[in-house]
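Below you'll find the structure, written out as structure tokens, and then a few comments.
Just so it is clear, none of the values below were taken in a lab; they were calculated from the coordinates. Everything numeric here is computed off the predicted structure, so don't read it as measured data. Neighbour counts are summed over all protein chains in view; Cβ atoms, including those assigned to glycine, are modelled from backbone coordinates with ideal geometry.
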Amino acid sequence: MKRRTFVSGTAALAAAGFGSSAFAATIKPYSWDLNPPTDTRDNFIAWGKARGEDPVFLGQRWDRFQALLKNKDIWGATTIRAFLLTPREEFASVNPAIYKRAYEHNFLDIGYGVTMSGPHLQGRMTNVIDVKRGEKVLEIGTGSGVQSAYIANLTENAYTIEIIAPLAQRTRALYDKLIDKGYTEYKHIKTKNSDGYYGWEEAGPFDKIIVTCGIDHVPPPLLQQLKTGGLMVIPVGPPGAQRVLKVSKTQGADGSITTSREDIYGGKIVPFVPFTKLEGDKIAGTHNR
Ligand SMILES: C[S@@+](CC[C@H](N)C(=O)[O-])C[C@H]1O[C@@H](n2cnc3c(N)ncnc32)[C@H](O)[C@@H]1O
């Protein structure tokens, strides 16, 4: 079997043909007042360049944003802002083979047998949970880190869990590097290496939960840690053939708790990597019933 090596940041940039000066740039630190223009491509690129970003990637980000709009995968002003402020290329920089492909439609290989989900899916899943500033959001499946990077532009209370220990460490180190570089919004993200099936009880309850690995049922601990009135988005179904559901948790007049489910793609199958299970400190199979 062919072995691939995944490297981080600077080495990946060099391998991809970018000079080291690309990483020397200092990014203007985050503030809730940062508002990228949405009127023209040129204005957006000029604005992003002034923040310290690469104009080539800014152009690609704008073009993908236009495709997201056209496909109705993004619609809310705050989610649009989050997409336009997030440098996907930094999260793809762990693999030289995907670094320049960060804004493509498809999911991309980030090593460890898992993927970085595509921007259309992430746009829709993020928009569906409609995160308000101050809300607590839990993500299951940190992976590349880009999904929680979007959440970090929506609230200062983002929590994310990754089951693969070296991947969790690599992404934590990437957030820290990006914070040093000026992307101070990633200080909003708390990371943990554990089995996300059980949620993050000490940090809960959560207003919103976003699950980025596929399972055949909604994990009861996650439903329990979701606030009444909260929303969860989760791929549910048999291996490789999930449907992405929005689960709402509500309380009736008599005090009873109910949940309702809505397919955010109207029935389309969307395959996800499996929601795996930890036994001791080893990953052993999945949580499917
Ligand atoms: C589609 S991938 C990555 C998605 C990520 N949000 C991104 O775009 O990079 C899903 C991730 O879920 C992780 N995962 C699978 N089962 C898990 C579990 N029980 N707890 C936490 N993470 C899990 C995988 O290791 C993988 O990194």
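Just to be sure I understand: with springs between alpha-carbon atoms less than 10 Å apart, which residue in ALA173, ALA102, ALA92 has the highest mean-square fluctuation in the Gaussian network model of the chain?
It is ALA173.
Tell me, what is the percent relative contact order of the stretch 47-205, built from C-alpha pairs under 8 Å that lie six or more residues apart? Don't jump to the answer; show the numbers that get you there.
Numbers: 239 pairs, mean separation 28.4, N = 159.
About 18 percent, as a whole number.
Taking the Cβ of PRO238 as the centre, find all other residues whose Cβ is under 13 Å away and add up their charges (Lys, Arg: +1; Asp, Glu: -1). Walk me through the numbers on the way to the answer.
Values: positive: ARG243, ARG289; negative: ASP216.
Residues close to PRO238 contribute a combined charge of +1.
Per the helix-only calculation at 222 nm, which mean residue ellipticity applies to the chain, given -39500 (n - 2.57) for every DSSP H run of n ≥ 4 and division by its residues, nearest 500 deg cm²/dmol? Mind dumping the intermediate values first?
Numbers: 11 runs with 97 residues, N = 289.
Counting only the DSSP helices, I get -9500 deg cm²/dmol.
Around HIS105, with a cut-off of 13 angstrom between Cβ atoms, what is the net charge of the other residues, counting Lys and Arg +1 and Asp and Glu -1?
Working: positive: ARG64, LYS70, ARG88, ARG101, ARG124; negative: ASP63, ASP73, GLU104.
With Lys, Arg at +1 and Asp, Glu at -1, the net is +2.
Where does the charge balance sit around LYS181 when Lys and Arg score +1, Asp and Glu -1, over other residues with C-beta under 13 Å from its C-beta? Display every interim value, and only then the final one.
Numbers: positive: LYS28, ARG51, LYS177, LYS187; negative: GLU53, ASP54, GLU89, GLU90, ASP176, ASP180, GLU185.
Value of the local net charge: -3.
What is the Cα coordinate range of the stretch 125-177 on the first, second and third principal axes, sorted by size from largest, in whole angstrom?
Largest to smallest, the principal-axis extents are 31, 20, 14 Å.
How high is the relative contact order of the chain, in percent, counting Cα pairs under 8 Å that sit 6 or more residues apart? Show your work: numbers first, answer last.
Numbers: 568 pairs, mean separation 38.5, N = 289.
Answer for the chain is 13 percent.
Highest GNM mean-square fluctuation, the chain, Cα pairs closer than 10 Å: which of GLY182, GLY229, GLY237?
For the chain, modelled as a Gaussian network with Cα springs under 10 Å, the answer is GLY229.
Dipole magnitude of the stretch 9-286 about its Cα centre, charges +1 at Lys/Arg Cβ and -1 at Asp/Glu Cβ only, in debye to the nearest 20? Could the numbers behind the result be given before it?
Details: 32 positive and 29 negative charges, 75 e Å.
With only Lys, Arg, Asp and Glu charged at Cβ, the dipole is about 360 debye.
Once you put a point 7 Å from the Cα of THR286 and another 7 Å from the Cα of LYS70, both along the Cβ direction, what distance in nm separates them?
3.3 nm
What stretch of the chain, leaving out the sites themselves, is the longest with no GluC sites (Glu not before Pro) in a DSSP loop having at most 11 other Cβ atoms within 10 Å? If you can, show how the numbers build up before the last one.
Numbers: sites that count: GLU201, GLU202.
By the stated rule (loop sites, at most 11 other Cβ atoms within 10 Å), 1-200.
At 0.36 nm per residue, minus the direct Cα-Cα distance, what do ALA50 and GLN169 gain on full extension? Give it in nm, one decimal, please.
Details: separation 119, 0.36 × 119 = 42.84 nm, distance 3.12 nm.
Gain on stretching ALA50 to GLN169: 39.7 nm.
Between ALA203 and GLN251, what is the spin-label point distance in nm, taking each point 7 Å from the Cα along the Cα→C-beta axis?
2.5 nm
In nanometres, what is the gap between the two model label sites at ARG41 and ASP130, each 7 Å from Cα along Cα-to-Cβ?
3.3 nm
Sorted from largest down, give the three principal axis spans of the alpha carbons of the stretch 206-289, whole angstrom values.
43, 34, 20
Per 10 Å bin from zero, what fraction in whole % of the C-alpha pairs of the stretch 98-157 is there, up to the bin with the longest pair?
21, 52, 24, 3
Can you give the convex hull volume of the alpha carbon atoms of the chain per residue, in Å³?
Values: hull volume 39.5 nm³, N = 289.
That works out to 137 Å³ per residue.
Could you list which residues have their amide H under 5 Å from that of VAL270, counting only those 5 or more apart in sequence or on another chain, with H placed in the peptide plane?
Here the answer is GLN242, ARG243, VAL244, since their amide H atoms fall under 5 Å of that of VAL270.
Tell me, what is the FRET efficiency for ALA241 and LYS187 to the nearest 0.05, using R0 = 35 angstrom and their Cβ-Cβ distance as r?
Between ALA241 and LYS187 the formula returns 0.40.
Which of LEU226, LEU69, LEU174 moves the most in a Gaussian network model of the chain with Cα springs under 10 Å?
In this elastic network of the chain, the residue with the biggest mean-square fluctuation among LEU226, LEU69, LEU174 is LEU69.
If the cut-off is 22 Å between C-alpha atoms, which lysines fall inside it for LYS72, apart from same-chain ones fewer than 8 positions away?
Straight-distance partners of LYS72: LYS132, LYS208, LYS246, LYS268.
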